[in-house]
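Just below is one structure, and these are the notes that go with it.
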Amino acid sequence: MSMSMLSDMLYALLSKLMPSRCIACGESVTRQMGSICPRCRCDIPLSYYWLREDNPVKSRFDGLVPIAHGSSFFTYKGHSRWAQIINRFKYGGKWRIAYTLGYWYGSELKNSGLYSDVDVIVPIPLHPIKLFKRGYNQSRYLADGMAKAMGIAVEARSVVRVRNNPSQTKRKADERWNNIDNLFAVTHPERLRGRHILVVDDVLTSGATLYSCLSTLNDTLPESRLSIATLAVSEYITAIR
């Protein structure tokens, strides 16, 4: 009996004992489906920005900080199923969801051709206090999934968050741009110097936090190229042209 047959038999047995569920709707999924059922794959509001040089995500930073490419995987709509999924992996301990979606997104980035020369992925870091309270950094798991799909490395220790500013989640768009100076620092510039860096975050709302990180990287590593990829982007950003 071949190893593949044994693997299939083991998966079938485990599926009966612990049926696999879609990360979005909770319905049963087969091994071939992966972790997301076909209905939810069709339901997700994909942006397809990773196929376009000119898009609202990249344009958001025009004139603020130079970036090579910018995209988001899907549009964030308040109270939607996919917004709830983000809340689950961000605050509910379901970090595997972030990894799974990151892998899907990374596969699309790799196939797009625009991100083929990215050398390393840097997830937006959490402050140590917030990391201790939450137990993990959801952006790190997104980055890990993307890196696996793209075949590149994650550098999660070269950029740190030095100030524990208040959560931006419930702040108005204009308020998010207050008090964002000196949020981040590059601790190991030698690991990033001269490389094409893909900065990864979960949701692009106003762009304030992401801008602060990009600005720090650009000031410290002017010879490096910067690109951004967020899992989701708010409708507020997509409406700006």
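The values are calculated or read from the model by the stated rules, or taken from the named source; none is laboratory data. Being a predicted model, the structure only gives us computed values, none of them experimental. Neighbour counts are summed over all protein chains in view; Cβ atoms, including those assigned to glycine, are modelled from backbone coordinates with ideal geometry. With ligands, DNA and RNA removed, areas are computed over all heavy atoms of the protein, side chains included. Shrake-Rupley method; radii C 1.70, N 1.55, O 1.52, S 1.80 Å.
Odds and ends about this structure:
- Surface listing: 213, 42 arranged by accessible area from highest to lowest gives 42, 213, probe 1.4 Å.
- Ranking by accessible area, most exposed first, for 58, 148, 94 with a 1.4 Å probe: 148, 94, 58
- Summing charges over neighbours of residue 40, with a neighbour being any other residue whose Cβ is under 14 Å away from its Cβ, gives +3 when K and R count +1 and D and E count -1.
- Remark: accessible surface ordering of 136, 103 (largest first) is 103, 136, probe radius 1.4 Å.
- Cα point-scatterer Debye curve for the range 65-160, base-10 log of I(q)/I(0) at q = 0.18, 0.22 Å⁻¹: -0.91, -1.23
- As a ratio to 2.2 N^0.38 Å, the alpha-carbon radius of gyration for the range 183-241 is 1.22.
- ³J(HN,Hα), Karplus 6.51/-1.76/1.60, whole Hz, each residue of the range 188-202, x for Gly, Pro: 10, x, 5, 7, 10, 4, x, 9, 8, 9, 9, 8, 10, 9, 7
- Local charge for residue 190 was computed over the other residues whose Cβ lies under 14 Å away, with Lys and Arg +1 and Asp and Glu -1, and equals +1.
- Over 24 Å between alpha carbons, listed pairs 77/110; 58/110; 94/133; 58/133: 77/110; 58/133
- In the context of the full protein assembly, residue 95 retains an accessible surface of approximately 80 Å², using a probe radius of 1.4 Å and ignoring ligands and nucleic acids.
- As a fraction of the 1.4 Å probe accessible area of the range 47-98, surface on carbon and sulfur atoms comes out at 49 percent.
- In the range 70-161, Cα pairs under 8 Å separated by at least six residues give a relative contact order of 35 percent.
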